[in-house]
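Undergrad: Below is the structure I would like to discuss, written out as structure tokens.
The values are calculated or read from the model by the stated rules, or taken from the named source; none is laboratory data. Given the structure is predicted, the values throughout are model-derived calculations rather than measurements. Quick reminder, even Gly has a Cβ in these numbers, built from the backbone with ideal geometry, and neighbours come from all protein chains shown.
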Amino acid sequence: MPATYVYLDHNASSPLRPAAFDAMVETLRAGGNPSSVHRSGRRARSIVDKARRQVAALIGALPAEVVFTSGGTEANALALAGAQATRVIASAVEHDSVRRARPDAETIPVDGNGVVDLAALERMLAAAAAPALVSVMFANNETGVLQPIGEVVRLARGAGALVHCDAVQGAGKAPVDVHGLGVDFISLSAHKLGGPAGVGALCVRSGASLVPDRRGGGQEFNRRAGTENVAGIAGFGAAAEAAVDGLAVGALRDHLETSLLAFAPGSKVFGAEALRLSNTSCISMPGVPAETQVMSLDLAGVGVSAGAACSSGKVQRSAVLAAMGVAAAEGDTAIRVSLGWNSSFEDIERLIAAWRDLYIRVGYSDIKRAQAA
Ligand code: PLP
């Protein structure tokens, strides 16, 4: 087992940034309930207010537009229920937390690169008069493919529809500007950008109406009842501030893809012809199941993931690749490599070396055997 472990699964969860860790420890020590009027409560309130400004600054929102939640899943559920739309239209590549929140949603197809079909969206919007909520993600968790949110908003506005954008994978990696995009609701998650898991936010454009999904105290401007997770929120704020310039890992990702494709010309990068996040690569190793790759790379000291790992950790066939028209046999050989704030050139070299070893041992030899037979 190599001495150091290389973690390249930041889209699953990015390690806690030191600034987030420090902010959390300090807040845990201080304690307090932000709703209390005494000194301890006021201190906790000021920590939440600071984090709200930090998170708002990350996406160009007003602090009062930020509603803290327990994560991206809750932010998505709150938007999809709280917008009170009778009709929801969501892309085929949305995260399960969107798809399952509204199983009745109509599906916008995507092209071979995973980009939403705008003409199809336009037809769908024109097809019925009922008020619609359009939900399209900023960037895909498996492929990193970016969606044309500005165009989605333009079409939706023309049809009088609202827009929700799941920016859980985009924020802190690429520039996200809520008002520039013109969306009504945008979801964020702290642990995808180096904050703690279990905290996120829904940003609600001023003037947009949101019906809360629970009753209780009047926290979060009466939009999300429940005593705030102050330490988590402090960590989220610190991570958001540290992530404000995005990730500068595009050269590393490109080096990875160029090296693997040169070594195994039969491998493929999914979504390669679309605009993508600079940190994500969804790449196949011909003939080698993704699960075998993930386990072998793990033994070699490199952590990556296979398709969409669900909560049980079981690897499922990727619905994202299927929506892109990728054949199951090819999709099943795709792994996701996702870089983050602490990724280095050495990390990528370790992955390249381990991936090549595996390909020589399993993939290449299988191909040769099949050719010889
Ligand atoms: N949306 C996307 C695109 C995601 O990738 C994820 C997590 O993988 C979520 C939502 C859910 O976020 P959370 O883990 O904070 O609930």
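Undergrad: So which residues in segment 98-131 are in contact (Cβ under 8 Å) with a residue 60 or more places away in the chain and among the small types (Gly, Ala, Ser), if there are any at all?
TA: Matches in segment 98-131: Gly112, Gly114.
Undergrad: If we only count helices (runs of 4 or more DSSP H) wholly inside segment 1-120, which ones have 3 or more residues that are farther than 21 Å from Gly144 by Cα?
TA: Once the helices (runs of 4 or more DSSP H) in segment 1-120 are filtered for at least 3 residues that are farther than 21 Å from Gly144 by Cα, what remains is 18-30, 39-58, 72-82.
Undergrad: Moving on to the next point. With the checklist (1) more than 16 Å from the ligand (Cβ to nearest atom); (2) crowded, with 22+ Cβ neighbours inside 10 Å in hand, flag the one item Val66 doesn't pass.
TA: Every listed condition holds for Val66 apart from (1).
Undergrad: Right, here's the next one. Got a sec? Which of Ala167, Ala139, Ala197 is surrounded by fewer than 24 Cβ atoms within 10 Å (Cβ to Cβ), among the aliphatic types (A, V, I, L, M) and near the ligand (Cβ under 10 Å from one of its atoms)?
TA: Details: Ala167 fails: surrounded by fewer than 24 Cβ atoms within 10 Å (Cβ to Cβ); Ala139 fails: surrounded by fewer than 24 Cβ atoms within 10 Å (Cβ to Cβ).
Checking each option against the conditions leaves just Ala197.
Undergrad: Which members of segment 214-250 meet the condition of being among the charged types (D, E, K, R) and touching a Pro at 6+ places or on another chain (Cβ under 7 Å)?
TA: Once the filter is applied, which keeps residues that are among the charged types (D, E, K, R) and touching a Pro at 6+ places or on another chain (Cβ under 7 Å), segment 214-250 yields Arg223, Arg224, Glu228.
Undergrad: Does segment 29-52 hold any residues that are under 24 Å from Val244 (Cβ atoms) and either assigned by TED's automatic domain parsing to the domain that holds Ser338 or exposed (fewer than 15 other Cβ atoms within 10 Å of the Cβ) (or both), and which are they?
TA: Correct list: Ser46, Asp49.
Undergrad: Identify, from the list Val244, Val249, the residue that is touching a Leu at 6+ places or on another chain (Cβ under 7 Å) and surrounded by fewer than 17 Cβ atoms within 10 Å (Cβ to Cβ).
TA: Val244
Undergrad: Inspect all residues belonging to segment 110-133 and state whether any of them is within 16 Å of the ligand (Cβ to nearest atom) and either outside the structural domain of Glu151 (by TED's automatic domain parsing) or in contact with an Asp or Glu (Cβ under 7 Å, 6 or more places away or on another chain) (or both).
TA: Scanning segment 110-133 turns up at least one residue that is within 16 Å of the ligand (Cβ to nearest atom) and either outside the structural domain of Glu151 (by TED's automatic domain parsing) or in contact with an Asp or Glu (Cβ under 7 Å, 6 or more places away or on another chain) (or both).
Undergrad: Before we move on, is Gly180 more than 9 Å from the ligand (Cβ to nearest atom), more than 25 Å from Gln84 (Cα to Cα) and not hydroxyl-bearing (Ser, Thr, Tyr)? Walk me through how you get there before you give the answer.
TA: On the way: more than 9 Å from the ligand (Cβ to nearest atom): yes; more than 25 Å from Gln84 (Cα to Cα): no; not hydroxyl-bearing (Ser, Thr, Tyr): yes.
Judged against the criteria, Gly180 is not a match.
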